[in-house]
Each structure stands twice: as C-alpha cells, then as structure tokens.
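Here is the structure we will look at, set down as structure tokens.
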Amino acid sequence: MLQGGFEKRMKVSIHTEWIKLDQFLKFAGAVSTGGNAKEAVAAGQIRVNGEVCLMRGKKLRPGDVVEVEGETGNAVYEVTSGEDHPD
C-alpha cells in the first residue's frame, strides 16, 4: 500500500463465468473509461492475485482479487459470483 494512503475493500459480483480486466475495472467503478483502464494497466498500477498485470484482456473469475493503486491509496476488489448472492 502507498505510504499515508488508505485501502478500500469491496466485493464485486459478476453474473458470467469470467470478465476481462479492463471491463471489470469499469464495472467496479475503479476507472471511469476504457482509456483510463488501459492507462492504469499499462502503467503497472493493477495487481491480480498479488502480481502486477499488464494484460488488460486478462480473464478474471470468481475468487480473483484485483488491487488498484491510486494517488491517495489502494482499492482492493474481490471478484465473486452473482450466483453466490441471489437477488
């Protein structure tokens, strides 16, 4: 985590078998546009399951953990299955 920053943790449910990393970042609200997602991934600001991920098309599945490094702190998103949480 960044010095002096904070860490936000959230669970994000998907209703498909998998979702691409760039789409997930938009869906979770971590970035506002696909361009922002592309930049964040290219800059090495995204970790998937603890490792820097430079593939914006990486398939995420329930159980994966995505960490987004921001200017003021980190946000951690756990991918969960929509089937685990009925509507």
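The values are calculated or read from the model by the stated rules, or taken from the named source; none is laboratory data. Bear in mind that the values here come from a model prediction, so they are computed numbers and not experimental data. Here the Cβ is made from the backbone with ideal geometry for all residues, glycine too, and neighbour counts use every protein chain on show. Note: areas computed on protein heavy atoms with side chains; ligands, DNA, RNA excluded. Shrake-Rupley method; radii C 1.70, N 1.55, O 1.52, S 1.80 Å.
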Taking segment 51-87 as the search range and keeping residues that are at pLDDT 95 or above, open to solvent by less than 80 Å² (accessible area, probe 1.4 Å) and assigned to a loop (DSSP other than H, G, I, E, B), which one is nearest to ASP22 (Cα to Cα)? GLY57
Conditions (1) without any contact (Cβ under 8 Å) to a residue 12 or more places away in the chain; (2) closer than 20 Å to GLU17 by Cα; number of the one not met by VAL48: (1)
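Any idea which residue in segment 28-50 is most open to solvent (accessible area, probe 1.4 Å), counting only those that are of a type in the set (Gly, Ala, Ser), in a loop (DSSP other than H, G, I, E, B) and out of contact with any strand residue (DSSP E or B) (no Cβ under 6 Å at 6 or more places or on another chain)? Walk me through how you get there before you give the answer.
Taking segment 28-50 first, the residues of a type in the set (Gly, Ala, Ser) are 28-30, 32, 34-35, 37, 40, 42-44, 50.
Filter once more, so that each one left must be in a loop (DSSP other than H, G, I, E, B): 29-30, 32, 43-44, 50.
Imposing the further condition that a residue be out of contact with any strand residue (DSSP E or B) (no Cβ under 6 Å at 6 or more places or on another chain) reduces the set to 29, 32, 43, 50.
Numbers: GLY29: 54, SER32: 97, ALA43: 69, GLY50: 53 Å².
Among them, the one singled out is SER32.
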Taking the condition of a type outside the set (A, V, I, L, M, F, W, C) and part of a helix (DSSP H, G or I), does GLU7 pass? no
